[in-house]
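Read the structure below first, then the notes.
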């Protein structure tokens, strides 16, 4: 695969890969459908808001 998860798994075996469905990943004319952008953006935003509220 093309994920760095295989390297991280050597240190921490619990790895989650997250992103939009992408049948064209790393191919000519790589793209995703527009309908996947807003839901993904919202998940990233909510995750960052949650993490930034946590004590250091």
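Once the C-beta distance of residue 38 and residue 10 is scaled by a Förster radius of 30 Å, the resulting FRET efficiency is 0.30 to the nearest 0.05.
Annotation for residue 47 and residue 24: the two label points, set 7 Å from Cα along the Cα-Cβ direction, are 2.4 nm apart. By the Cα gyration tensor, segment 1-40 has an equivalent ellipsoid whose semi-axes, rounded to whole angstrom, run 24, 14, 5 from largest to smallest.
Each helix, a run of at least 4 DSSP H residues, gives -39500 (n - 2.57); summed and divided by the residues of the chain, these come to -11000 deg cm²/dmol at 222 nm.
Every number here is computed from the coordinates shown, using simple stated rules; none is lab data. Since the structure is predicted, the reported quantities are computational estimates derived from the model, not experimental observations. Please note: Cβ atoms are built from the backbone with ideal geometry, for glycine as well, and neighbour counts cover all protein chains shown.
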